[in-house]
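**Q** I have a structure I would like to understand better, so I am pasting it below and will then ask my questions one at a time.
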Amino acid sequence: MKKNICIIVANYYPDISKKLINGAVKVLKSNKIKKHKVIKVPGIFEIPFVIAKNIRKYDAFIALGCVIKGKTPHFNFISRSTINALMKLSVLNKKIIGNGIITCFNKKQALDRSSNANNKGSESARAAISLLKI
């Protein structure tokens with residue numbers, strides 16, 4: 001499949017991000033998608049901006065990152081605003097955005113959701129690829 005995909009990854013938790021990227025890239029390669037770029041940003045809040053800035057350059061995007069709930073409502077605001085912005089970008093621009101942003105209550109849960117058996121990076125890449133085939 002000759003498609004150009006951009007992976008935008010929040011690198012706030014580098015160990016989690018690396019696992020999510022590896023999962024997504026493995027799926028892209030197994031589907032013979034050779035042309036992809038990885039762009040790292042500080043946190044998930046920056047992902048929609050980078051997608052908006054590059055919206056015409058790529059056939060699809062994969063948004064990856066992790067938010068872990070703390071003791072303040074910050075988790076809710078950042079998660080909700082980021083997911084809403086991704087949906088708005090996708091619908092208004094008719095552009096595929098695979099959502100691999102995981103929202104977790106603790107680091108153990110984040111590690112599990114980025115593990116080989118349960119990798120949300122892989123899942124979001126598969127979702128994006130399936131939409132490219134429509």
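All of the numbers you see were taken from the coordinates with simple rules; none came from a lab. Everything numeric here is computed off the predicted structure, so don't read it as measured data. Cβ sites come from the backbone with ideal geometry, for glycine too, and all protein chains shown count toward neighbours.
**Q** Collect residues whose amide H, placed 1.01 Å from N in the peptide plane, falls under 5 Å from the amide H of Ile97; neighbours closer than 5 in sequence don't count.
**A** HN-HN under 5 Å from Ile97: Phe61.
**Q** Name the shape class, rounded, prolate or oblate, that the alpha-carbon gyration tensor gives for the chain, where a ≥ b ≥ c are the square roots of its eigenvalues, rounded holds for a/c under 1.5, and otherwise prolate holds if a/b is larger than b/c and oblate otherwise.
**A** Oblate, because a/c is 1.5 or more while a/b does not exceed b/c.
**Q** Still on this model: In what sequence, highest mean first, do 53-59, 83-89, 124-130, 100-106 appear when ranked by Cβ atoms within 10 angstrom?
**A** Numbers: 53-59: 13.6, 83-89: 16.0, 124-130: 21.6, 100-106: 19.4.
Peptide ranking by packing, descending: 124-130, 100-106, 83-89, 53-59.
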